[in-house]
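The structure appears right after this line, and notes come after that.
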Amino acid sequence: MGQIVAIVDACSNPNLASDLDFYRSYFNLPACPVGTVSATGTSCALEQVNEKGATTPLPPAKSSWGLEEAIDAEMISALCPNCQILVVEATTSSMNDLGMSVNTAISLGATVVSNSYGSPEFASENDLSNAYYLHPGVPIVAAAGDNGYGVQFPAASPNVAVGGTTLIQKTDTGARNGSEKLWSGSGSGCSLYEAKPVWQHHTRCANRAVADVGADANLNTGVWIYNTFGGSGLYEAGGTSVATALVSAIFALSNTAAPSTVSPASNLYSNANALYSVTQGSNSGCGNYLCNAAQS
């Protein structure tokens, strides 16, 4: 079955298809033609729709969100060249529009949904979690933020919250040969409002703890992207937007659809021995595992 990785962002990027075409060609990846994603597809296709799932009209273009779309699409391409990419563009950056876009992605067959945005927590966030971000069996992956210690939504929602690391890779042979530590800009902490999931067993936080997993996000050890909508072509990017897209691609590659009663995030905890353990780094002076790598 084809893997459809949905990207949820606001507004539109009119150069996304041509920039992705250049990126994939530059890095010797097969073409990803514009088309309709399908559960039976086995090669890349790129489809952009609005929050209602229609290809027209797309929302107004905005370069800041266009950068997010470029990062997301190209990082998913880098790790999963045959993944189909469904870009759902919310009309505005409101949490309701973005949340509706997640539901649209699910209705169109997304097997993973990548959300590289966030807002400070708010008292009514549980209502939005229940309405938009809880789709058992489908990884709903969200960025933990780039402002250091602190929790944002929807990363606080009990799905897959992605923090950032600093990855220094010494060789380009395709095998790990380097060092990795917690990135100081990564978001993390104890949610103010979201209940602790049954698969988390920490003791210093009565609620949901963020994050669940991390990937490279430090701009100084970042990734190459190609963006001409407000960007200068090829340049280096970072942030937990990068990490979120990378983790979303990994979930797609694993092709392990969870039963509808299981949270995909719980699989990270039950299979922790299959993940690389980050043992160094901090994003604040909180003094415990909520901000320090490898503490409990």
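A short reminder: the numbers here are calculations on the coordinates, not readings from a lab. Just so you know, these numbers come straight off a predicted model, no measurement behind them. Here Cβ is always computed from backbone atoms with ideal geometry, including for glycine, and neighbour counts include all displayed protein chains.
Points worth noting:
- Lone cysteines, the chain (no partner Cβ under 4.7 Å): 11
- Counted by neighbouring Cβ atoms within 10 Å, the residues 277, 116 run from fewest to most as 277, 116.
- Ranked by the mean number of other Cβ atoms within 10 Å of their residues, highest first, the peptides 93-103, 45-55, 156-166, 226-236 fall in the order 156-166, 93-103, 45-55, 226-236.
- Neighbour-count order for 24, 176, 208, fewest beta carbons within 10 angstrom listed first: 176, 24, 208
- Fraction of the pair-distance distribution of the chain above 23 Å, Cα-Cα pairs, percent: 50 percent
- Cβ-based exposure ranking for 29, 16, 128, in which fewest neighbours within 10 Å come first: 29, 128, 16
- The chain, helix-only ellipticity at 222 nm - DSSP H runs n ≥ 4, -39,500 (n - 2.57), divided by all residues, nearest 500: -7000 deg cm²/dmol
- Extension gain, residue 96 to residue 123: 0.36 nm times the residue separation minus the Cα-Cα distance gives 8.3 nm.
- Proximal lysines to residue 181, defined as alpha-carbon separation beneath 16 angstrom and excluding residues fewer than eight positions away on the same chain: 170
- Cα→Cβ-extended label distance, 7 Å offset, between residue 204 and residue 184, nm: 2.0 nm
- The GNM of the chain, with springs linking C-alpha atoms under 10 angstrom apart, assigns the highest mean-square fluctuation among 217, 274, 209 to 274.
- On full extension, the segment bounded by residue 294 and residue 31 gains 90.6 nm, given 0.36 nm per residue less the C-alpha separation.
- Alpha-carbon gyration tensor eigenvalues x 5, square-rooted, for the stretch 31-95, Å: 21, 15, 9
- Proportion of all alpha-carbon pairs of the stretch 99-235 beyond 27 Å (%): 29 percent
- Counting only DSSP beta bridges with both residues in the chain, the antiparallel share comes to about 40 percent.
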